[in-house]
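First the structure, in the form of structure tokens, and then the observations on it.
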Amino acid sequence: MSDYASIIDQADDYVEPEILPLPLDAWHRAHGARMVEFAGYDMPIQYEGIMAEHAWTRDSAGLFDVSHMGQLVFSGEGVAHALETVLPGDIAGLGEGKMRYSLLLAQDGGILDDLMATRLPDDQPSPFSAQDVEPEAYDPLHPLPTASGSFYVVVNGATKYDDISYLIEHLPDDVTINILEDQALLAVQGPKAVEAVARIVAGVDGLVFMTAGAFHWNDVPLWISRSGYTGEDGVEISLPAEHAVAFADALLALAEIKPIGLGARDSLRLEAGLPLYGHDLDPEITPVMADLGFALSKRRREAADFPGAERILTQREHGPATKRVGLIVEGRQPAREGAEVIDDTGAPIGRLTSGGFAPTLGKPIAMAYVPLALSTPGTRIEIAQRGKVHTATVTAMPFIPHRYVRAGAK
Amino acid sequence: MSRYFTQDHEWVDVDGDIGTVGISEYAQSQLGDVVFVDVPEAGKTLSKGDEAAVVESVKAASDVYSPVSGTVNEGNAALTDDSSLVNSDAEAAGWFFKLTLSDPSELDSLMDEAAYAAFVEGL
């Protein structure tokens, strides 16, 4: 454990001293982005404006730089079983090139992060360029990934170093974790995203929702999944950071695609009903409280073999005390994160964890944790914010329908 | 008529003892898309620096402070119907409220257009 402690210290030190630039930092600025600090990086909050960028993504296709997110490859003997000791999903049952949304769980069942896990194809070279990271820190964990029996996992940027510390502590020594620090990650999202990308990346339109594969653009290796976090069809593309600028230029040359900032990414995911870690999810929240029961795979529920299983399965059976719901807020004024849900006497009984103006709906929406008795769609609740009381109605999410292209629907 | 600015990016046009208050072009560009404005009602008494109005963009909520003391004559009803006027015409049609100044000497502490332009330049 002492070795691990020193690794963890170095991982923590790595992010703290400064705000890091993304591989596309200069590219964003050249395209008129306003930059803000987010998750330890300078990131584009907006280019031409959040409303216009939001609408463009819903109507056409937006390019999002999500290179701040953690891209990890897990490999080694028993890796699927090892991952199942910290995730409640059926990881062992994932086919090659198939992916699953899952949750990194603390030992008490609280959510440490949400993530996407993909089983990489067996018996093929790694889809990621050979690289190793922070050799001083990661030498003890030895070699480069072998593709066979490996998983590619994308975690949140703000939590990636904490995740790695936790995983090093809880996964067996047989499992190797490689951090793909030199891979950029670009998302292209929107109804025209796949048709546009397919013009420069042959075959990408052969993917269906939640599948992934290796592709090429010129001679650059791309690992592409048909997935995203906007509620729209689209792809997420991992590629060597050194080629990110040229590839982003090639994407932007497609008439359907414009660059989109973090501001619209947030309003898009909110309309899609997708929780944001650190806001709608945190270590105090379990998957059942978060209404993410779908992430608890049947086999895993029956085996009750994930962290916090007893607590989580009891909540699943009897209902959690509080639950994440969607809200449509009356009037035009947004109710935002931190506003309190109050009862008839004005006492706080819940809290908004996200909230803002929904550009597609043209009205304010929010996510909140409320007592189970108030979580049924149609229930009217009151929100206190800066001395004013707002009325809202609990609403099923997503607020606007997802438009994923699933297997069998093509 | 003279126009004055505050360091919080409000402007006030003064004509006799009537002031018209709004937020600057720079402020609207920083806020981004405005989706809601709450303006004060006629008759409300404001002291210089009081929270007088609220402007909400997609990103965030901001208070608008009264640049001077006085009594509100009217809020801009047009903003209730179309808050995007704050983005499209911040320093004219996107005004927030008009008030009768109770102490015109307060204007001496505000910036003129040139001083405000220099202030924004330094941000």
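Some observations on this one:
- Enumeration of residues in the range B:25-55 that are among the charged types (D, E, K, R) and either more than 9 Å from every other protein chain (Cβ to nearest Cβ) or in contact (Cβ under 8 Å) with a residue 24 or more places away in the chain (or both): B:Glu25, B:Asp33, B:Glu41, B:Lys44, B:Lys48, B:Asp50, B:Glu51
- Residue in the range B:64-78 that is in contact (Cβ under 8 Å) with a residue 40 or more places away in the chain, more than 30 Å from A:Leu262 (Cα to Cα) and hydroxyl-bearing (Ser, Thr, Tyr) present: yes
Matching residues to (1) at pLDDT 95 or above; (2) out of contact with any Asp or Glu (no Cβ under 6 Å at 6 or more places or on another chain); (3) within 28 Å of B:Asp33 (Cβ to Cβ):
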residue	(1), (2), (3)
A:Phe209	yes, yes, no
A:Gly234	yes, yes, yes
A:Ala241	yes, no, no
A:Leu251	yes, yes, yes
A:Leu262	yes, yes, yes
A:Arg269	yes, yes, yes
A:Leu274	yes, yes, yes
A:Val288	yes, yes, no
A:Lys298	yes, yes, no
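- Single residue of the range A:384-398 satisfying the filter (part of a loop (DSSP other than H, G, I, E, B) and surrounded by fewer than 15 Cβ atoms within 10 Å (Cβ to Cβ)) that is nearest to the chain's Cα centre (by Cα): A:Ala396
- Helices (runs of 4 or more DSSP H) within the range A:125-205 that include 1 or more residues surrounded by 16 or more Cβ atoms within 10 Å (Cβ to Cβ) and modelled with pLDDT under 95: A:135-138
- The range B:4-24, residues that are among the charged types (D, E, K, R) and either surrounded by fewer than 18 Cβ atoms within 10 Å (Cβ to Cβ) or within 14 Å of chain A (Cβ to nearest Cβ) (or both): B:Asp8, B:Asp13, B:Asp15, B:Asp17
- Answer residue from the range A:30-55, given it is surrounded by fewer than 14 Cβ atoms within 10 Å (Cβ to Cβ) and more than 27 Å from A:Thr360 (Cβ to Cβ) and is modelled with the highest pLDDT among those: A:Ala30
- Inspection of the range A:314-328 identifies no residue that is open to solvent by less than 40 Å² (accessible area, probe 1.4 Å), of a type in the set (Val, Ile, Thr), touching a strand residue (DSSP E or B) at 6+ places or on another chain (Cβ under 6 Å) and more than 30 Å from A:Ala303 (Cα to Cα).
- Of all residues in the range A:323-351, those being away from every other protein chain (no Cβ under 13 Å) and in a strand (DSSP E or B) number 13.
- Verdict on A:Asp282 being away from chain B (no Cβ under 14 Å), of a type in the set (Asp, Glu) and under 21 Å from the mean Cα position of the chain (by Cα): yes
- Residues considered: B:Ser62, B:Ser83, B:Ser29. Of these, the only one that is within 30 Å of A:Gly356 (Cβ to Cβ), part of a loop (DSSP other than H, G, I, E, B), of a type in the set (Ser, Thr, Tyr) and open to solvent by less than 50 Å² (accessible area, probe 1.4 Å) is B:Ser83.
- When B:Ser29, B:Ser69 are screened for being more than 22 Å from A:Gly49 (Cβ to Cβ) and among the polar types (S, T, N, Q), only B:Ser69 passes.
- Looking only at residues of the range A:354-383 that are part of a strand (DSSP E or B) and open to solvent by 60 Å² or more (accessible area, probe 1.4 Å), we find that the one that is nearest to A:Leu276 (Cα to Cα) is A:Lys363.
- The range A:297-326, residues that are under 24 Å from A:Val394 (Cα atoms) and among the hydrophobic types (A, V, I, L, M, F, W, C): A:Ile312, A:Ala321, A:Val325
The values are calculated or read from the model by the stated rules, or taken from the named source; none is laboratory data. Since the model is a prediction, treat every value here as computed from it, not as a measurement. Heads up, the Cβs are rebuilt from the backbone with ideal geometry, glycines too, and the neighbour counts pull from every protein chain shown. Just the protein is used for accessible areas: all its heavy atoms, side chains included, with ligands, DNA and RNA removed. Shrake-Rupley method; radii C 1.70, N 1.55, O 1.52, S 1.80 Å.
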